[in-house]
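Below is one structure, written out as C-alpha cells; the observations come after it.
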Amino acid sequence: MKAGKLLLVATPIGNLSDMSPRALEALRSAGVVMAEDTRRTARFIDDRRKLYSYHDHNAAGRIDTILKTLSEGRNVAVVSDAGTPGISDPAYRAVRAALGKGFEVEAIPGPSAVICALVASGLPTDRFAFEGFLPRKKGARAARLKEMSTYPGSLVYYVGPHHLVKYLGEMRELLGNRPICVARELTKVHEEYLRGDIESVLEVLSGRRILGEITLVVGAESLGQDYFY
C-alpha cells in the first residue's frame, strides 16, 4: 500500500477568492485535515468529521494521528490560521515527524502575509529576514531589536494592533528613524498601507484606533530616513 503524503496547504489571509483550486482539492481529498483554526478551515471542506484542531498547545499530541493516517495511505493536510502553514505556527513539527518516518511532504503554495507586505512595501526585497512576533517583555524585545539592528536587508514582523504604536516608538529609539511600511488587513475590505519613516507614520497613527492584523516591514539602516521622499 502506498503511503500518504503530508500536504502543507496555503489558505487565504482575507480574500476568499485567493483560495486556489489545487488547495481546495487537497483539503477535500485529504483523509485528515489539521487546522490551526477549525472554524475558518470548515468553509473549505465538505466533511467536518475529518477536521482536527492543530495549534501550539496540542501539536505534540496530534503527531500520532498524523503518522497513523499517513501509514494507512491517506493524505494529511495541515492548514494555518491563514496564509502559508509553517510561518509562526507549529506546522514544522508535523513536517519533521513525517520526514523522520520517511513520508513525503508536499507544499501547496498560496497567500502569505509576509510576502504580500514585503513586495508592496516599497522597501528592498533582495534580502530580508522574517522575525515573527517580537517578545512581549520589554527587555527581551529591546535585545532582539538590537541584535537585528545591523542586518543589511529589510525586516518583517507580525505586530498586534494594540502594540503597534509602542513598538514603533521603541524602534525609533533603538534603530533610528528608519523607513517602514505598516501593512494592515491585507487582502481584506479595509486593507491599508502606511509608508514613510517611523516618525511620519506615528503622526498618521496619532489618535487613531488601530484594528486588524498587521505586518510591519522595516528598512535597513543604510537606506536612510528619507528613503521614501
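The values are calculated or read from the model by the stated rules, or taken from the named source; none is laboratory data. It should be emphasised that the depicted structure is a prediction, and the values quoted were computed from it without experimental measurement. Quick reminder, even Gly has a Cβ in these numbers, built from the backbone with ideal geometry, and neighbours come from all protein chains shown.
Please determine whether any residue of the stretch 86-93 is closer than 27 Å to Ala129 by Cβ, outside any helix (DSSP H, G or I), touching a Leu at 6+ places or on another chain (Cβ under 9 Å) and of a type in the set (Gly, Ala, Ser).
Going through the stretch 86-93, the residues closer than 27 Å to Ala129 by Cβ turn out to be 86-93.
Right, trim to outside any helix (DSSP H, G or I) and you get 86-90.
From what is left, the residues that are touching a Leu at 6+ places or on another chain (Cβ under 9 Å) are 86.
If we keep only those that are of a type in the set (Gly, Ala, Ser) as well, we get 86.
Yes; the residues of the stretch 86-93 include at least one that is closer than 27 Å to Ala129 by Cβ, outside any helix (DSSP H, G or I), touching a Leu at 6+ places or on another chain (Cβ under 9 Å) and of a type in the set (Gly, Ala, Ser).
Filter the stretch 194-218 for residues that are within 19 Å of the chain's Cα centre (by Cα) and in a loop (DSSP other than H, G, I, E, B); which is nearest to Met148 (Cα to Cα)?
Only one residue tops the list, namely Glu213.
I'd like the residue in the stretch 37-46 that is part of a loop (DSSP other than H, G, I, E, B) and free of Cβ contacts under 8 Å to residues at least 40 places away in the same chain and, out of all such residues, is farthest from Ala59 (Cα to Cα).
Ranking the candidates gives Asp46 first.
Within the set of pairs 6+ apart or on separate chains, which have a first residue in the stretch 190-211 that is among the hydroxyl-bearing types (Ser, Thr, Tyr), a second that is at pLDDT 95 or above, and C-beta atoms under 8 Å apart?
Note: pairs meeting the criteria are Tyr193/Ala120; Tyr193/Ser121; Tyr193/Cys181; Tyr193/Val182; Tyr193/Ala183; Tyr193/Arg184.
Looking at Thr187, is it touching a Leu at 6+ places or on another chain (Cβ under 7 Å), outside any helix (DSSP H, G or I) and either in the same structural domain as Glu131 (by TED's automatic domain parsing) or acidic (Asp, Glu) (or both)? Before you say what the answer is, go through the steps one by one.
On the way: touching a Leu at 6+ places or on another chain (Cβ under 7 Å): no; outside any helix (DSSP H, G or I): yes; either in the same structural domain as Glu131 (by TED's automatic domain parsing) or acidic (Asp, Glu) (or both): yes.
Against the criterion (touching a Leu at 6+ places or on another chain (Cβ under 7 Å), outside any helix (DSSP H, G or I) and either in the same structural domain as Glu131 (by TED's automatic domain parsing) or acidic (Asp, Glu) (or both)), Thr187 does not qualify.
How do the pairs read when you match residues in the stretch 73-86 that are under 20 Å from Gly31 (Cα atoms) and touching a residue at least 24 places away in the same chain (Cβ under 8 Å) with residues anywhere that are aromatic (Phe, Trp, Tyr) and in a loop (DSSP other than H, G, I, E, B), using Cβ under 7 Å and keeping only pairs 6 or more apart or on different chains?
Pairs that qualify, where the first residue is under 20 Å from Gly31 (Cα atoms) and touching a residue at least 24 places away in the same chain (Cβ under 8 Å) and the partner is aromatic (Phe, Trp, Tyr) and in a loop (DSSP other than H, G, I, E, B), are Val78/Tyr54.
Could you identify the single residue in Ala107, Ala142, Ala94 that is surrounded by fewer than 17 Cβ atoms within 10 Å (Cβ to Cβ), under 19 Å from the mean Cα position of the chain (by Cα), modelled with pLDDT of 95 or more and of a type in the set (A, V, I, L, M, F, W, C)?
Numbers: Ala142 fails: under 19 Å from the mean Cα position of the chain (by Cα); Ala94 fails: surrounded by fewer than 17 Cβ atoms within 10 Å (Cβ to Cβ).
That would be Ala107, the only listed residue that is surrounded by fewer than 17 Cβ atoms within 10 Å (Cβ to Cβ), under 19 Å from the mean Cα position of the chain (by Cα), modelled with pLDDT of 95 or more and of a type in the set (A, V, I, L, M, F, W, C).
Of the residues that make up the stretch 61-81, is at least one crowded, with 22+ Cβ neighbours inside 10 Å and more than 28 Å from Met1 (Cβ to Cβ)?
Within the stretch 61-81, one or more residues are crowded, with 22+ Cβ neighbours inside 10 Å and more than 28 Å from Met1 (Cβ to Cβ).
Quick one: what pairs do we get from the stretch 59-72, first residue part of a helix (DSSP H, G or I), second among the β-branched types (Val, Ile, Thr) and exposed (fewer than 12 other Cβ atoms within 10 Å of the Cβ), C-beta under 6 Å, 6+ apart or different chains?
none
What are the residue pairs meeting all of these: first residue in the stretch 13-36, first residue within 28 Å of Lys68 (Cβ to Cβ), second residue of a type in the set (Val, Ile, Thr) and in a helix (DSSP H, G or I), Cβ atoms under 6 Å, and 6 or more apart or on different chains?
Note: pairs meeting the criteria are Gly31/Thr69; Val32/Thr69; Ala35/Thr41.
Residue under question is Ala98, and the condition is that it be in contact with a strand residue (DSSP E or B) (Cβ under 6 Å, 6 or more places away or on another chain) and either in the same structural domain as Val156 (by TED's automatic domain parsing) or part of a strand (DSSP E or B) (or both); does it hold?
Working: in contact with a strand residue (DSSP E or B) (Cβ under 6 Å, 6 or more places away or on another chain): yes; either in the same structural domain as Val156 (by TED's automatic domain parsing) or part of a strand (DSSP E or B) (or both): no.
Spelling it out, it is not the case that Ala98 is in contact with a strand residue (DSSP E or B) (Cβ under 6 Å, 6 or more places away or on another chain) and either in the same structural domain as Val156 (by TED's automatic domain parsing) or part of a strand (DSSP E or B) (or both).
Test each condition in (1) at pLDDT below 95; (2) under 28 Å from Glu192 (Cα atoms) for Pro21 and report the one that comes out false.
Evaluating Pro21 over (1) at pLDDT below 95; (2) under 28 Å from Glu192 (Cα atoms) leaves (1) as the failure.
Within the stretch 179-198, restricting attention to residues that are among the basic types (Lys, Arg) and surrounded by fewer than 21 Cβ atoms within 10 Å (Cβ to Cβ), which residue is nearest to Val119 (Cα to Cα)? Walk me through it before giving the result.
Narrowing the stretch 179-198 to residues among the basic types (Lys, Arg): 184, 188, 195.
In the following step, the residues that additionally are surrounded by fewer than 21 Cβ atoms within 10 Å (Cβ to Cβ) were identified as 188, 195.
On the way: Lys188: 17, Arg195: 13 Å.
Checking each candidate, the answer is Arg195.
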